[in-house]
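Here's the structure we're looking at; comments come further down.
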Amino acid sequence: MVEWEINLIEVKIAVNWFYQKFEMPSLHWIGKDKVVNHHHDVPFKIMEHQYSFPLNPRRGLEEDLSPNPLIRGNQDAENEAPPFKEAGEVTNKIIHGDNLEALKALLPEYEGKVKCIYIDPPYNTGNENWVYNDNVNHPKIKKWLHQVVGKEGEDLSRHDKWLCMMYPRLKLLHKLLREDGVIFISIDDNEQANLKLIMDEIFGGGNFVGNLIWRKKEGGGQTDKYYVTEHEYIAVYQKSIIFQWIDLIRMRSEKEFNKVDERGKYKLSKLEKWGSGARKEDRPTMHFSIKTPDNIDYYPIAPDGNDGRWRVGKERMELLN
């Protein structure tokens, strides 16, 4: 079984490699050849430690003693205590500076160690007033330096600038991720298609997990030319096939969890699907046998007595065992 799983992983890796090398279309834009390796040219900078959370011996906790009120928060408000955290807790980092330089500075300590990344880049709507700041050694790109990126129709290179800005940052983020890591990227229709293509190029099309669609508003004013756009996207990519997506079971009611064992409270739920869509014909891939405690193959049965299906697929079932 172990040998089969290893071989299966090797096959998937080979398929992903072939998919990336021979099947994926590539996107070209002004300046691409100058930025694909720009992350190598970014100099390493040392992060200077500006403030810390020294231990407060009176309370056994770490207290924020930063003199900067913007860092500490409004602690002068009446009855508001300074923030504390448990001693020995893993510290966080707030980095102030250019994000490309910050990502490069994180590499020595965190390369290949980050489990989850979320970024919210400029959507390039033309209303954000974001500025191209990467000092790439190319005459055309140098003209963009410190220039505000304009609106559609006013700035004919706005998408080129956005792609040149994003590419080296995504390369560094890819380096920071663990092999079982995942990255989430918020975006809207202005650059969603371009983002998908460069993410396929950097992470590999086979590592595309999916697009989460989130409804940002309901109805409201007519802000679009033809109809109201109520949603945006969150692009999700894994670093490799080792990543696993596991849905968390949320507790709906304390009363439901009326059984207790050494691990805590739990409830019993039927693994067989009931109600509509419960027959084998509805989801053939979810009709398979599982072993009973006395080593007998058991198949799901639908409420009408015909072949049924499980509520989960084989991979999830193995995790539940």
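The values are calculated or read from the model by the stated rules, or taken from the named source; none is laboratory data. Model, not experiment: these values are computed from the prediction. In this analysis, Cβ positions are derived from the backbone assuming ideal geometry, glycine residues included, and neighbour counts consider all displayed protein chains. Just so you know, the surface numbers come from the protein's heavy atoms only, side chains and all, with ligands and any DNA or RNA stripped out. Shrake-Rupley method; radii C 1.70, N 1.55, O 1.52, S 1.80 Å.
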Positive dipole terminus of the stretch 209-321, leading residue within SER253, LEU320, ILE242 (C-beta point charges): SER253
Unit charges on C-beta of K, R, D, E only; dipole of the stretch 199-321, Debye: 380 debye
Shape call, the stretch 105-224: gyration tensor on alpha carbons, a/c limit 1.5: oblate
Protein accessible area in the stretch 191-318, 1.4 Å probe - carbon and sulfur %: 51 percent
The stretch 227-321, accessible area per residue, ligands and nucleic acids excluded (1.4 Å, Å²): 76 Å²
